[in-house]
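See structure below.
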Amino acid sequence: MITRLAFFVVLLLSPFAAVAQPENDRTAVLLGRLSSRADLKPLKTVIVARDGRTVAEQGYRGHTASESVNIKSASKSIVSSLVGIAIDKGLLAGPEQKIASILKADLPADPDPRLNQITIGNLLSMQAGLGRLSGPNYGRWVASRNWVRFALAQPFDDEPGGQMLYSTASTHLLSAILTKVGGKSTLALAREWLGPVDGFRIGAWERDPQGIYLGGNQMAMTARSLLAFGELYRNGGRTADGTQVVPADWIAQSWQHRTNSRFSGDDYGYGWFSRQIGGEEVHFAWGYGGQMLYIVPSFGMTVVMTSDESGPSARTGYRDALHGLFGRDYCSQSPNLNERFRPIVKKRASCKNKIQQRGYKVRRP
């Protein structure tokens, strides 16, 4: 059965979705109905943008898109962008650069030789091989006196470049590396390098005992700010005025499949997840509790969802409910959404032609 949310997505993706009724009005009504969904109770805000224009914005239970929220691990995608910029500026050699020489002051006294094999790319794709410091191991890591040294002292659970071992410590090592090669804090670099992005701003951000900003967690910003970052990536790393902020080839590298999550099976690149939904490739950043940034390049679509960050989203099924906003429930019944709805699109195109023949203008969504 096609859910209301799946139908909402179908309408958004249809080329001639609204001939008579404005798209933003229709979408706003559909978003407003989400408040009655019991499985979406943690949802705070949703913003939908199409081709650089905000189609609809909705807050739930008193929340707004202008309030600050902890985007959790969705911040890993932002750290990835800073690494790409650092490479473009020549501060880093590239994804294949080894990290041991940069972090040599924090290596263990008797280091495992495999530490010399870990690359920048391994950290970005969660394939460093070091024991995970997320989930049940997160607490003891952030309780340590030196987060970088603690991370580098973990025993290897796999070889560098092996299976995906999701760990916020890997992204934190990238923050430490950026701080060293950039000569400034990661926050200062982010504000400088991402400064040209209109509407983007990082608010509060936690630091480790040495003052290094926590790479990949505890970053605050508004839903609108997260949307601005997503729009930057959707637009090939360029701002609305054409300023190239993130290299386009870095975005392509970041979205390239490098490994898979053992928990969800989703593809993972350099700080970004990817999956097929409705026959289209969707790239997304995902933070604990349901902080989501979705980008569908083929449809020029960017969607942000923020949620209550106090509870998990994966094992409760809430993350899957959020994926349902992109029609996953419907797609499980119809492998190719576009094929299923092509007759509707053709019918609307025919209707459009007839209206134009009568001298009326048709506004494209």
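Figures for the structure shown
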quantity: Within segment 159-187, considering residues that are of a type in the set (S, T, N, Q) and touching a residue at least 40 places away in the same chain (Cβ under 8 Å), the one surrounded by the fewest Cβ atoms within 10 Å (Cβ to Cβ); calculated: Gln163
quantity: Residue match in segment 217-233 (condition: closer than 22 Å to Gly90 by Cα and open to solvent by 10 Å² or more (accessible area, probe 1.4 Å)); calculated: no
quantity: Odd one out for Gly135 among (1) open to solvent by 50 Å² or more (accessible area, probe 1.4 Å); (2) more than 24 Å from the chain's Cα centre (by Cα); calculated: (2)
quantity: Residue count for segment 175-188, restricted to those that are of a type in the set (A, V, I, L, M) and more than 12 Å from Leu91 (Cα to Cα); calculated: 3
quantity: Matching residues, segment 130-153, being out of contact with any Phe, Trp or Tyr (no Cβ under 8 Å at 6 or more places or on another chain) and hydroxyl-bearing (Ser, Thr, Tyr); calculated: Tyr138
quantity: Condition met for Asp249 (outside any helix (DSSP H, G or I) and acidic (Asp, Glu)); calculated: no
quantity: Unique match (being open to solvent by less than 30 Å² (accessible area, probe 1.4 Å) and touching a Lys or Arg at 6+ places or on another chain (Cβ under 6 Å)) among Ser73, Ser77, Ser81, Ser125; calculated: Ser125
quantity: Within segment 48-69, considering residues that are buried (at least 21 other Cβ atoms within 10 Å of the Cβ) and either part of a helix (DSSP H, G or I) or at pLDDT 95 or above (or both), the one farthest from the chain's Cα centre (by Cα); calculated: Ala65
quantity: Some residue of segment 98-114 being in contact with a strand residue (DSSP E or B) (Cβ under 8 Å, 6 or more places away or on another chain) and either under 14 Å from Asp157 (Cα atoms) or among the hydroxyl-bearing types (Ser, Thr, Tyr) (or both); calculated: yes
quantity: Qualifying residue in segment 70-80 (condition: touching a strand residue (DSSP E or B) at 6+ places or on another chain (Cβ under 9 Å), in a loop (DSSP other than H, G, I, E, B), charged (D, E, K, R) and at pLDDT 70 or above); calculated: no
quantity: Close pairs (9 angstrom Cβ cut-off, 6 or more residues apart or separate chains): within 18 Å of Ala169 (Cα to Cα) in segment 262-284, basic (Lys, Arg) and crowded, with 22+ Cβ neighbours inside 10 Å anywhere; calculated: Gly271/Lys76; Trp272/Lys76
quantity: Some residue of segment 194-215 being under 22 Å from Thr306 (Cβ atoms), of a type outside the set (S, T, N, Q), part of a helix (DSSP H, G or I) and open to solvent by less than 30 Å² (accessible area, probe 1.4 Å); calculated: no
quantity: Given (1) part of a helix (DSSP H, G or I); (2) under 17 Å from Gly129 (Cβ atoms), number of the condition Leu178 does not satisfy; calculated: (2)
quantity: Any hit, segment 164-172, residues being of a type in the set (A, V, I, L, M, F, W, C), closer than 21 Å to Thr259 by Cβ and more than 19 Å from the chain's Cα centre (by Cα); calculated: no
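The values are calculated or read from the model by the stated rules, or taken from the named source; none is laboratory data. Because the structure is predicted, anything quoted here is derived from the model rather than measured. Cβ atoms come from the backbone with ideal geometry, glycine included; neighbour counts cover every protein chain shown. We work out accessible area using only protein heavy atoms, side chains counted, and drop any ligands, DNA or RNA first. Shrake-Rupley method; radii C 1.70, N 1.55, O 1.52, S 1.80 Å.
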